[in-house]
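Everything below concerns the one structure shown next.
Any read-out appearing in this document is the output of simple, stated calculations on the displayed coordinates, not a laboratory observation. Remember, predicted model here, so these are calculated numbers, not experimental data. Here the Cβ is made from the backbone with ideal geometry for all residues, glycine too, and neighbour counts use every protein chain on show.
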Amino acid sequence: MRGRILAVDPGDQRIGVAISDPSGTIANPLTVVQHVARKVDAGVIAQIAQEQYAILIVIGQAVDIEGGIGPRARKAQRMAESISTQTELPVVLWDESGSTQQARSARVAMGSNRKKRAGHLDELAATIILQSYLDAHMDRSDNDNP
């Protein structure tokens, strides 16, 4: 799949957003959207996707160890459904389990001071979700070329 992909890390107060490069191989943090209401948030995300020329929207969904759907996962499903009503782009759910912890670990590895590490991790978590999705969907033909 070639083209820009938008990823969303839905949260209770903030929604992290990340975008891929045009080749769909590298994820980059984009912005954080302040949560207002699901329908409003979905409209903002659909608008961002359009402005970024995205071809797909990936929504992070936390599932439990057995792959079960809990309250947070249902919330992500409702967000995906709401976004789908406001854009013709495909919207898919992707397991985000552990993305916030990975974002925190990445900040530590980058040498961020304690105050910065305590800050919001939303767009970094969205970037981790997107990179996971991109890595899992990389064209098999690309793997044949060193």
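Of the trypsin sites (Lys or Arg not before Pro) found in the stretch 1-43, the ones in coil according to DSSP and having at most 14 other Cβ atoms within 10 Å of their Cβ are Arg2. Under the simplified labelling scheme, the Gln34-Leu93 pair shows an inter-label distance of 2.9 nm, with each label point 7 Å from Cα along Cα→Cβ.
Below 15 angstrom from the Cβ of Val44, what's the summed charge of the other residues (Lys, Arg +1; Asp, Glu -1)? Residues near Val44 contribute -2 overall.
Placing pseudo-labels 7 Å out from each Cα toward the beta carbon at Gln52 and Asp64 gives an inter-label distance of 3.1 nm. Tell me whether the stretch 1-81 comes out rounded, prolate or oblate; compute the Cα gyration tensor, take square roots of the eigenvalues as a ≥ b ≥ c, and use a/c under 1.5 as the rounded threshold. Judged from the Cα gyration tensor, the stretch 1-81 comes out oblate (a/c at least 1.5, b/c at or above a/b). Checking every one of the GluC sites (Glu not before Pro) in the stretch 1-104 against DSSP loop status and a limit of 12 other Cβ atoms within 10 Å picks out Glu66, Glu88. Going by neighbour counts of Cβ atoms within 10 Å, the residues Val92, Val58, Val8 line up, fewest first, as Val92, Val58, Val8. Among Ser82, Ser20, the ranking by other beta carbons within 10 Å of each residue's beta carbon, starting with the fewest, stands as Ser82, Ser20. Taking R0 as 22 Å, what's the FRET efficiency between Arg4 and Ser84 from their Cβ-Cβ distance, rounded to 0.05? E between Arg4 and Ser84, to the nearest 0.05, is 0.75.
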